[in-house]
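What follows is calculated from the coordinates using simple rules that are stated; it is not laboratory data. Computed from a predicted structure; not experimentally measured. Backbone-built Cβ (ideal geometry, glycine too); neighbour counts: all protein chains shown.
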Amino acid sequence: MVLELAGGLALFLFGMDHMSVALRRSAGDRLRRILRLLTRNRVVGVFAGALITMLIQSSGATTVLLVSFVRAGLMSFGQTLGVILGADIGTTVTAQLIAFDVGHLALPTIALGFVLRQVKGRVGFKDAGEVLIGVGMLFFGL
């Protein structure tokens, strides 16, 4: 059990690191503009956080994504506060819905990321594949 915990934690941390590096490389100004739009005020950020959490069924994953965005320099800490509160609200709403295990999405997400990463000549697909591989490892680690 200790080895499984250590392996899951290692995959989780590696996935977060992999995802933040890929985001930093691929995001550029377009993702910064989208994130700035979604976090222009905390009320919009709360709704965005709740929606994201309800879609991916994990406030922990939402928070890790936010940490990755801050680490990649795409968002400031202040921008994440409303989204984190929204993630907590989304968790409460999600608990009322049918439970969905994101672990089942891990391997298909990694596979899709690998396929996108192998596309020749398209840097955008390669970067998106790297991000999906990181997200899949993050889900697998959870």
In nm, what is the difference between 0.36 nm times the number of residues separating residue 47 and residue 70 and their Cα-Cα distance? 6.4 nm
Potential lengthening between residue 36 and residue 88 on full extension [0.36 nm per residue; Cα-Cα distance subtracted]: 16.7 nm
Classify region 2-141 as rounded, prolate or oblate, taking a ≥ b ≥ c as the square roots of the eigenvalues of its Cα gyration tensor: rounded when a/c is under 1.5, otherwise prolate if a/b is larger than b/c and oblate if not. oblate
Given unit charges at Cβ for Lys, Arg (+) and Asp, Glu (-), the dipole magnitude of region 2-141 about its Cα centre in debye, nearest 20, is 740 debye
